[in-house]
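The values are calculated or read from the model by the stated rules, or taken from the named source; none is laboratory data. These numbers come from a predicted model, not from an experiment. Note that each Cβ is placed from the backbone with ideal geometry, even for glycine, and that neighbours are counted across all protein chains shown.
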Amino acid sequence: MRKILFGRPIIGDEERNAVQKVLQGTMLVHGPIAKEFEADFASYTGANAAVSVSSCTAGLHLCYFDMGLKAGDEVIVPAQTHVATAHAVELCGAKPVFVDAEIKSGNIDIDKIEERITSRTKAISVVHFLGLPVAMDKVCAIAEKHGLKVIEDCALAIGGRYKGRHVGLWGDAGAYSFYPVKHITTAEGGVVITKHEDLAKRLVHKKAFGVDRNVTERKEPGIYDVTDLGFNYRMNELQAAIGIEQMKRIDGFLEKRKANFEALYAGLEGVEGITLFEKAGEDFTNSYYCFSMILNEDIRQDRSKLVKFINDQGVGTSVYYPSPVPYFTYYKEKYPVTGDEFPVASAISYGSIALPVAPHLDIEDMEYIVEVVKKGLKEVF
């Protein structure tokens, strides 16, 4: 029996040596390594600017904070996403207004956005679910019509492009995650990219307490001014050093994910009992974060039995995500819902199983996963 982890960080001697080099120096934060990583990420995505932050959640929160989002304001948020997407809005005192997903991609149902917009709406949040880009030209047209900002949650979408443009550059800003099992890692951390250089400059100050100049920019040690309200949302030099080395390998990581994803797709397409998301399209470049299959409605209630079977055969799985965000206790108690307002998001959350495609695996692993899933569907159901 194989032992196939759902995901793991791929760290080599290059990353270890880079960290050791930082540790041998005297600067662990505010240094040149973070700036180098930002430049690398901006160059890769085509962004005018990239701002490193302590996490994707911090990056989203920072964007809304800079926007001046406050109590009484609303932001359109996908129901099918990680809770961080909504938390970033909630932390500003504003209200996330949820919109259901579309079944073909798991992304926000664009056709339902306008019916949720009110006079209090300030922005539209989009999530490129599992790395498949949202049709951003349609979202941006709605935003322009109503005078709204667009914030892209790109946590699972490094390498994702829509009509040739990297995700995160269609809206006003895009936030990325470098959690250990993401496309690249910095152990923990994130980055915000934007086409607006003035926004980037504001975020740089607000991620570091609103201080007007960092340690390396002060003419007299310890003397500075505070020009903005801000947070401690910085990425340190150790994280950035890992990130620089990871960016050198990003193309290879993505190629491996795509090959693994397509092997799973070829093996499971048309299999009775499951539905697959679309994998890409003429205008869509997938980042292939993972492979998700949705169980048909008549067997969905026994998902845990199939998960156990697959896990018992040594294959790691996950779920994206365990509940539509509006049904989590915190949100359901604060913004009551009936329980049937987001049927597509519910079908995905309660009926899907995510399978691994990360670059620590190869085609033989994919063939084994296909065999296990097919066997499981027959034996369990």
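Quick notes
- Within region 188-238, the set of residues being among the polar types (S, T, N, Q) and not in a loop (DSSP other than H, G, I, E, B) comprises Thr194, Thr216, Asn232.
- Candidate set from region 150-163 (those that are touching a residue at least 40 places away in the same chain (Cβ under 8 Å) and more than 15 Å from the chain's Cα centre (by Cα)); member that is surrounded by the most Cβ atoms within 10 Å (Cβ to Cβ): Tyr162
- Residues (of a type in the set (A, V, I, L, M) and in a loop (DSSP other than H, G, I, E, B)) located in region 86-95: Leu91, Ala94
- Criterion (surrounded by fewer than 16 Cβ atoms within 10 Å (Cβ to Cβ), of a type outside the set (A, V, I, L, M, F, W, C) and in contact with a strand residue (DSSP E or B) (Cβ under 7 Å, 6 or more places away or on another chain)) met by exactly one of Asp283, Asp312: Asp283
- Among residues of region 212-226, those that are under 13 Å from Arg202 (Cα atoms) and in contact with a strand residue (DSSP E or B) (Cβ under 8 Å, 6 or more places away or on another chain), counted: 2
- When restricted to residues that are over 23 Å from Gly59 (Cβ atoms) and either among the β-branched types (Val, Ile, Thr) or buried (at least 18 other Cβ atoms within 10 Å of the Cβ) (or both), region 107-134 contains 4.
- Qualifying residue in region 243-264 (condition: small (Gly, Ala, Ser), crowded, with 19+ Cβ neighbours inside 10 Å and in the same structural domain as Tyr179 (by TED's automatic domain parsing)): yes
- Number of residues in region 152-179 that are touching an Asp or Glu at 6+ places or on another chain (Cβ under 8 Å), under 14 Å from Val139 (Cβ atoms) and assigned to a loop (DSSP other than H, G, I, E, B): the value is 5.
- Residue match in region 327-347 (condition: in contact (Cβ under 8 Å) with a residue 24 or more places away in the chain, part of a helix (DSSP H, G or I), among the aliphatic types (A, V, I, L, M) and over 18 Å from Leu377 (Cβ atoms)): yes
- For Gly147, the conditions (1) more than 17 Å from Val97 (Cβ to Cβ); (2) free of Cβ contacts under 8 Å to residues at least 24 places away in the same chain are fulfilled apart from (1).
- Residue within region 250-270 that is part of a loop (DSSP other than H, G, I, E, B), out of contact with any His (no Cβ under 8 Å at 6 or more places or on another chain) and touching a residue at least 40 places away in the same chain (Cβ under 8 Å) present: no
- Criterion (modelled with pLDDT of 95 or more and closer than 18 Å to Asp100 by Cα) met by exactly one of His128, His196, His166: His128
- The set of residues in region 309-326 being in contact (Cβ under 8 Å) with a residue 60 or more places away in the chain and either within 22 Å of the chain's Cα centre (by Cα) or more than 26 Å from Ser105 (Cβ to Cβ) (or both) consists of Phe309, Gln313, Gly314, Gly316, Thr317, Ser318, Tyr320, Tyr321, Pro324, Val325, Pro326.
- Within region 40-85, the set of residues being part of a helix (DSSP H, G or I) and within 22 Å of Gly210 (Cα to Cα) comprises Cys56, Thr57, Ala58, Gly59, Leu60, His61, Leu62, Cys63, Tyr64, Phe65, Asp66, Met67.
- Filter result for Val167 (in contact with a Pro (Cβ under 8 Å, 6 or more places away or on another chain) and either surrounded by 24 or more Cβ atoms within 10 Å (Cβ to Cβ) or not acidic (Asp, Glu) (or both)): yes
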